[in-house]
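First up is the structure itself, then whatever we jot down about it.
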Number of protein chains: 4
Amino acid sequence: MKLKDIQNQKDNRKIEINKAGVKSIRYPIVVLDRKNREQHTVATINMYVGLPHHFKGTHMSRFIEVLNKHRKGISTRNISEILVKMKEKLNSESAHIEIEFPFFIEKETPVSKSKSLMEYRCHMWGSHDEKSDLVVGVEVPVTTLCPCSREISNYGAHNQRSIVKVKVRFKKFFWIEDLIKLVEKSASSEIYPLLKRPDEKFVTEMAYDNPVFVEDVVRNIAQQLDKDSNITWYTVESENQESIHNHSAYAYIKKKG
Amino acid sequence: MKLKDIQNQKDNRKIEINKAGVKSIRYPIVVLDRKNREQHTVATINMYVGLPHHFKGTHMSRFIEVLNKHRKGISTRNISEILVKMKEKLNSESAHIEIEFPFFIEKETPVSKSKSLMEYRCHMWGSHDEKSDLVVGVEVPVTTLCPCSREISNYGAHNQRSIVKVKVRFKKFFWIEDLIKLVEKSASSEIYPLLKRPDEKFVTEMAYDNPVFVEDVVRNIAQQLDKDSNITWYTVESENQESIHNHSAYAYIKKKG
Amino acid sequence: MKLKDIQNQKDNRKIEINKAGVKSIRYPIVVLDRKNREQHTVATINMYVGLPHHFKGTHMSRFIEVLNKHRKGISTRNISEILVKMKEKLNSESAHIEIEFPFFIEKETPVSKSKSLMEYRCHMWGSHDEKSDLVVGVEVPVTTLCPCSREISNYGAHNQRSIVKVKVRFKKFFWIEDLIKLVEKSASSEIYPLLKRPDEKFVTEMAYDNPVFVEDVVRNIAQQLDKDSNITWYTVESENQESIHNHSAYAYIKKKG
Amino acid sequence: MKLKDIQNQKDNRKIEINKAGVKSIRYPIVVLDRKNREQHTVATINMYVGLPHHFKGTHMSRFIEVLNKHRKGISTRNISEILVKMKEKLNSESAHIEIEFPFFIEKETPVSKSKSLMEYRCHMWGSHDEKSDLVVGVEVPVTTLCPCSREISNYGAHNQRSIVKVKVRFKKFFWIEDLIKLVEKSASSEIYPLLKRPDEKFVTEMAYDNPVFVEDVVRNIAQQLDKDSNITWYTVESENQESIHNHSAYAYIKKKG
């Protein structure tokens, strides 16, 4: 028995759909890792294609078939290839993929040289449309210590965990490990999953010696990215989970052009 | 004793900040309600201003002062006034406000005429920059029943809860109640917090009689919005929480221009 | 036409169900407020009854009918009455209700006497079973400053936002405002939505003067609750969102008996 | 220079702390997989010890040291060993560990035999106290189709995604793959990440042929678990994300004793 292909039927509303596909797929993938060559992780993935006005629906199962083929090696190097496959399989002029995953880097503490694994959230947004596009993002937790609080108080200064998000467009391959390091150097102090007492002393004093407003964090990062000729576009945002409020302080810079 | 104003100090990095302010403030507000004149709700609010390159920081406490003044009557009618106050108080050329809140409408079921309150998430995004801008959004849960599943199966058809999000720009004031109704009419069936058995029969058959793909939902809505001369721009997206998968089917339309 | 009542049919598996009902209902409710008599808020509610082994199903719509009747005045004073109505309407020997809602208290800052509204999450868990039970909970954000970091560092000390959760059983009515105040006094400093510079100096120094481990916070609170003869049972937990890590420090005390 | 050990100081409040430690650590771990021997995943982990009344604080960094040692092979077989290490390292009489992780199983569709990877959330809760305890949990998404809706409607029946959570205590090692399969067989139909049209027809009709209330799902599972002599205790709960409501239908059974 041949089952009718409803999705393939004509649609008469003359409305093109920008993105049709599958959202919030959870899938195990393997990504590039500078130190260990590859890293196993679990991604949350969205895959869409453009749907011309004359087609009624998309064949959703084909997205998972493409994902199955490529899941064992996903990187900025082959996102474009995956998008081409999506366009072929789904018979579309445009394709979009969004991949988010936790990425772990082994960190060594500054004094005791203790090692542990620190999580960073990473993103890739790829598109093949009239033109092709790729944006890479990282989320980096850091410490920020308030310059105002330090200045006006006789002792102490409020500080907190801040989540910095950076998105970039770029010319040639780079390691996300380097982008993460750049962000960590722009805050009051970087943070660690494991700190022994001498390390705790070090990061406490380091933060006090480097007070930054949320505005400073994003400016410090923007300044570094402006200097890097490989980065053609960026946004930088920081959300400081204020220890003296129950809301966040926030700053955002978007590179022009 | 005069405390030093660190935020007001000069900054030499020559980097302008697009948005600096407070994020994820939770605040009780009062909004407009067509039937009951006003409705008490609890909002999540972001407030930002642009920060010129020569200033070091923003005075975060002033945002809350503005909010305190206006919280008892927030609507699309006075967002612009709030933005002007933010620019004045923060001494900035641009201001942005983002407000999200649950909004309740009393619904009556189709057969038993039972009444209950249904929650919709609403958003307002206002900006005063070189130009002023206001976008209103609603999130509407509905039922969708799959046309393919209905066609190919001897009986039954998979259906699910879908979350439809619509954002619009517009010429003159409109009631969000009307935008919500438009969305509910575009799905297989609207949904209710309370259904008696005759109502359940009604919505079950209604959904089976009106099968829609995720692509159909967004097209139906786009078609209606295209006809409404008050709507100058929109995006429509639907996320169908598929009963036969553990991920969502998704479609998105953005009006050109 | 009479529609068949499937839920009312016999079940032969001989398995009693502890809780059957509706979960994650969002509903606007009115709660008690010491200063303003009442407060409008938006709750997330679960309502269950026990289902004897011989019944196939529960009549879910009846829960919402009970909720409709009582939503305009919910407090620890009438939870019991609501539970009795649930048992009657659903024809059951046991009933359970869980209500969670944001609650706002106007706070005045310590120096500038500025006013703003601060959110606390509140809970009520009520049960009518063989015996009746009522637990009230509050979630209170505070500042904690690390005694170890202060002691070992030449200057500064890491500090962070902490979320303290307290649940209590009690003899007679009390105001949650008092329980919240007790928690705030047990941390390094309480926090505020709005702080002017003199206030920021005050809370920074206050926190430095009152360093507490996560273990100290829960012990301080337990000690106070032990002294209160109205409190018959409690749990206290604190989750410190460490500014030097990307995970939380945690402590939990449960009163024996 | 010797840094003072504040945590080791005496505490005079005479209040024992049930659990003190680290919460929400994200860490890459390797778990057992029946088909592939092992599976890489990313866990969220809590680790606590009991703190006697005379100690001021816990040494939080030691938890991560224990985790580092064991992360490459975590299973129900060695949780006890990890707990013993925690007690030793932290010098405590009691230890608790909570591990949650996504687990993927390759599924084959019923008709087209297409393969894809399906995610299940798994949990382990281990305790060494006066006695030792281990609870294993799985979260399994399934389809449920409403018997009432099917019975009273002339055609169709509302159905939805349901999340079933089962926790068990047990005598000897078992594969979570088997517990997951047991849950999937107790619903209207199991679900798949990828379905071709003949598969979609199959699961649609399968669900219509096997209507279950939320109460039926938990009873079906309880009945199976009661028959399994390896299972000494369980809780079963199902949350049906109703397609006709914006809240869930819920049922919960806890084995006595």
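The values are calculated or read from the model by the stated rules, or taken from the named source; none is laboratory data. The structure displayed is predicted, hence computed values, not measured ones. Don't worry about glycine lacking a Cβ; one is built from the backbone with ideal geometry, like all the others, and counts go over all protein chains shown.
Selection over region C:175-200 of residues that are farther than 17 Å from C:Lys35 by Cβ and part of a helix (DSSP H, G or I) gives a count of 6.
Just one of the listed residues (A:Tyr155, A:Tyr250) is in contact with a Gly (Cβ under 9 Å, 6 or more places away or on another chain), facing another protein chain (nearest Cβ under 7 Å) and under 22 Å from C:Pro141 (Cβ atoms), and it is A:Tyr250. Residues that are polar (S, T, N, Q), under 20 Å from the mean Cα position of the chain (by Cα) and under 27 Å from A:Ile25 (Cβ atoms) within region B:225-247 comprise B:Thr235, B:Ser238, B:Asn240, B:Gln241, listed in sequence order.
Of all residues in region B:1-20, how many are over 18 Å from B:Asn91 (Cβ atoms) and not charged (D, E, K, R)? Number satisfying all stated conditions: 4. For A:Met60, the conditions (1) surrounded by 18 or more Cβ atoms within 10 Å (Cβ to Cβ); (2) more than 14 Å from chain D (Cβ to nearest Cβ) all hold with the exception of (2). A count restricted to region D:187-205 and to residues that are in contact with a strand residue (DSSP E or B) (Cβ under 7 Å, 6 or more places away or on another chain), at the interface with chain B (Cβ under 9 Å from one of its Cβ atoms) and of a type outside the set (Gly, Ala, Ser) stands at 5.
Scanning region D:44-52 for any residue that is among the aromatic types (Phe, Trp, Tyr), under 24 Å from D:Arg121 (Cβ atoms) and within 13 Å of chain A (Cβ to nearest Cβ) turns up nothing. A count restricted to region C:185-226 and to residues that are within 20 Å of A:Leu145 (Cα to Cα) and of a type in the set (Gly, Ala, Ser) stands at 4.
Return yes when A:Lys172 is of a type in the set (D, E, K, R) and more than 21 Å from A:Pro110 (Cβ to Cβ) and no when it is not. It is true that A:Lys172 is of a type in the set (D, E, K, R) and more than 21 Å from A:Pro110 (Cβ to Cβ). Scanning region C:231-243 for residues that are within 14 Å of chain A (Cβ to nearest Cβ) and either acidic (Asp, Glu) or in contact with an Asp or Glu (Cβ under 7 Å, 6 or more places away or on another chain) (or both) yields C:Glu239, C:Glu242. Looking only at region B:162-179, residues that are under 14 Å from B:Ser238 (Cβ atoms) and of a type in the set (Val, Ile, Thr) come to 3 in all. Of all the residues in region B:42-78, those that are closer than 19 Å to B:Arg26 by Cβ and not charged (D, E, K, R) number 17. Of the residues that sit in region D:43-54 and are crowded, with 20+ Cβ neighbours inside 10 Å and not hydroxyl-bearing (Ser, Thr, Tyr), which one is modelled with the lowest pLDDT? My answer is D:Leu51.
Select from region D:110-149 the residues that are assigned to a loop (DSSP other than H, G, I, E, B) and surrounded by 21 or more Cβ atoms within 10 Å (Cβ to Cβ) and list them in ascending order. The one that is assigned to a loop (DSSP other than H, G, I, E, B) and surrounded by 21 or more Cβ atoms within 10 Å (Cβ to Cβ): D:Cys146. Would you be able to tell me the number of residues in region B:5-42 that are among the basic types (Lys, Arg) and surrounded by 17 or more Cβ atoms within 10 Å (Cβ to Cβ)? Number of matching residues: 3. Going by the conditions given, is C:Arg197 closer than 30 Å to B:Lys4 by Cα, of a type in the set (Lys, Arg) and surrounded by fewer than 24 Cβ atoms within 10 Å (Cβ to Cβ)? For C:Arg197, the condition - closer than 30 Å to B:Lys4 by Cα, of a type in the set (Lys, Arg) and surrounded by fewer than 24 Cβ atoms within 10 Å (Cβ to Cβ) - is met.
Of the residues that sit in region C:231-257 and are assigned to a loop (DSSP other than H, G, I, E, B) and charged (D, E, K, R), which one is surrounded by the fewest Cβ atoms within 10 Å (Cβ to Cβ)? The qualifying residue surrounded by the fewest Cβ atoms within 10 Å (Cβ to Cβ) is C:Lys256. The residue of region B:150-183 that is nearest to B:Glu100 (Cα to Cα), among those that are buried (at least 24 other Cβ atoms within 10 Å of the Cβ) and free of Cβ contacts under 8 Å to residues at least 60 places away in the same chain, is B:Leu179. Quick check: is even one residue across region B:72-80 among the hydrophobic types (A, V, I, L, M, F, W, C), part of a strand (DSSP E or B) and within 13 Å of another protein chain (Cβ to nearest Cβ)? Within region B:72-80, none of the residues are among the hydrophobic types (A, V, I, L, M, F, W, C), part of a strand (DSSP E or B) and within 13 Å of another protein chain (Cβ to nearest Cβ). Within region D:13-55, being of a type outside the set (D, E, K, R) and in a loop (DSSP other than H, G, I, E, B) holds for D:Ile15, D:Asn36, D:Pro52, D:His53, D:His54. Looking at C:Val66, is it on the phi < 0 side of the Ramachandran plot and either part of a strand (DSSP E or B) or within 13 Å of another protein chain (Cβ to nearest Cβ) (or both)? When the stated conditions are applied, C:Val66 passes them. Scanning region C:23-32 finds no residues that are more than 9 Å from chain B (Cβ to nearest Cβ), at pLDDT 95 or above, farther than 27 Å from B:Glu119 by Cβ and out of contact with any Gly (no Cβ under 9 Å at 6 or more places or on another chain).
Okay, residues lined up against (1) in contact with a His (Cβ under 8 Å, 6 or more places away or on another chain); (2) touching a residue at least 24 places away in the same chain (Cβ under 8 Å):
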{"position": "A:Glu38", "(1), (2)": "no, yes"}
{"position": "A:Phe55", "(1), (2)": "no, yes"}
{"position": "A:Thr58", "(1), (2)": "no, yes"}
{"position": "A:Lys69", "(1), (2)": "no, no"}
{"position": "A:Leu90", "(1), (2)": "yes, yes"}
{"position": "A:Glu98", "(1), (2)": "yes, yes"}
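Among the residues making up region D:207-230, those that are surrounded by fewer than 19 Cβ atoms within 10 Å (Cβ to Cβ), out of contact with any Phe, Trp or Tyr (no Cβ under 7 Å at 6 or more places or on another chain) and either within 14 Å of chain B (Cβ to nearest Cβ) or in contact (Cβ under 8 Å) with a residue 60 or more places away in the chain (or both) are D:Asp209, D:Asn210.
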